[in-house]
Amino acid sequence: MDRFRVVPAAYVVVRRGDEVLLLLRANTGYMDGYWAMPAGHVEQGESVVAAAVRELKEEVGIDVDPVDLVPVTAMHRTGGNGDPIDERVDFFFTTSKWSGEPRLMEPDKAAGLEWYSLDKLPNPLVPHEARVLAALADGSGLPAVIAQGFA
């Protein structure tokens, strides 16, 4: 019998004061037309922190020292449909220190890159990311671990 598996991913809230950096997803087949933070799957043999650093470089062209990634929450979520791609563990970080100027590095996967104030976020946002951003915006805080989509 195959063991249950989850897909790990790293997400980074890049902050400039009260603003966050968001990408407009396009041509990926997942949540195209939604705004999202820089993120991506953890690859085999890679730590979630290394994945976060790599994704920032690949998607928005900035370099972040791993010590400048502050953990925000982990989210275990399910689509409830049994599809392995919908069984996830997402690790959210925030950073306000980087080198380089953020720019759209993958125009084939994103149609825009913009700074948004936490109190004026664009619509639509990827729903599970919106939950994290809303908690950052209202200062309510987040638990260390969120379970989403489970009964």
Study note, to complete from the structure: Inside region 30-54, the number of residues satisfying the requirement of being under 12 Å from residue 110 (Cβ atoms) and in a helix (DSSP H, G or I) is 0
Exercise for review: Could you list, in sequence order, all residues of region 89-127 that are closer than 16 Å to residue 41 by Cβ and either aromatic (Phe, Trp, Tyr) or modelled with pLDDT under 95 (or both)?
Suggested key: 91, 92, 93
Point to revise | Qualifying position, being more than 21 Å from residue 147 (Cβ to Cβ), at pLDDT below 95 and of a type in the set (Asp, Glu), among 86, 65, 2 | key: 2
Practice item. Considering only residues that are of a type in the set (D, E, K, R) and not in a loop (DSSP other than H, G, I, E, B), look in region 62-72 and name the one that is surrounded by the fewest Cβ atoms within 10 Å (Cβ to Cβ). Key: 63
Practice item. Only residues in region 96-111 that are in contact (Cβ under 8 Å) with a residue 40 or more places away in the chain and surrounded by 14 or more Cβ atoms within 10 Å (Cβ to Cβ) count as the first member; pair them with residues that are assigned to a loop (DSSP other than H, G, I, E, B) and of a type in the set (Gly, Ala, Ser), Cβ under 6 angstrom, at least 6 apart or cross-chain, and list the lot. Key: 105/61; 110/26; 111/26
Exercise for review: Could you tell me whether residue 114 is in a strand (DSSP E or B), under 16 Å from the mean Cα position of the chain (by Cα) and not β-branched (Val, Ile, Thr)?
Suggested key: yes
Exercise for review: Report whether or not residue 103 is over 16 Å from the mean Cα position of the chain (by Cα) and under 29 Å from residue 119 (Cβ atoms).
Suggested key: yes
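Table: residues versus (1) crowded, with 21+ Cβ neighbours inside 10 Å; (2) free of Cβ contacts under 8 Å to residues at least 60 places away in the same chain; (3) among the aromatic types (Phe, Trp, Tyr).
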site: 12; (1), (2), (3): yes, no, no
site: 26; (1), (2), (3): no, no, no
site: 44; (1), (2), (3): no, yes, no
site: 74; (1), (2), (3): no, no, no
site: 83; (1), (2), (3): no, yes, no
**Study point:** Number of the condition not met by residue 93 [criteria: (1) part of a strand (DSSP E or B); (2) under 15 Å from the mean Cα position of the chain (by Cα); (3) surrounded by fewer than 14 Cβ atoms within 10 Å (Cβ to Cβ)]
**Key:** (3)
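Can residue 16 be described as basic (Lys, Arg), surrounded by fewer than 18 Cβ atoms within 10 Å (Cβ to Cβ) and at pLDDT below 95?
Numbers: basic (Lys, Arg): yes; surrounded by fewer than 18 Cβ atoms within 10 Å (Cβ to Cβ): yes; at pLDDT below 95: no.
Answer is no for this residue.
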Exercise for review: Answer yes or no: is there a residue in region 53-61 that is in contact (Cβ under 8 Å) with a residue 60 or more places away in the chain, surrounded by fewer than 16 Cβ atoms within 10 Å (Cβ to Cβ) and in contact with a strand residue (DSSP E or B) (Cβ under 8 Å, 6 or more places away or on another chain).
Suggested key: no
Point to revise | Test: residue 132 is in contact (Cβ under 8 Å) with a residue 60 or more places away in the chain, assigned to a helix (DSSP H, G or I) and in contact with a strand residue (DSSP E or B) (Cβ under 6 Å, 6 or more places away or on another chain) | key: yes
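The values are calculated or read from the model by the stated rules, or taken from the named source; none is laboratory data. Note that the coordinates shown come from a computational prediction; the quantities given were computed from them, not determined experimentally. Ideal geometry is used to build each Cβ from the backbone, glycine not excepted, and the neighbour counts take in all protein chains shown.
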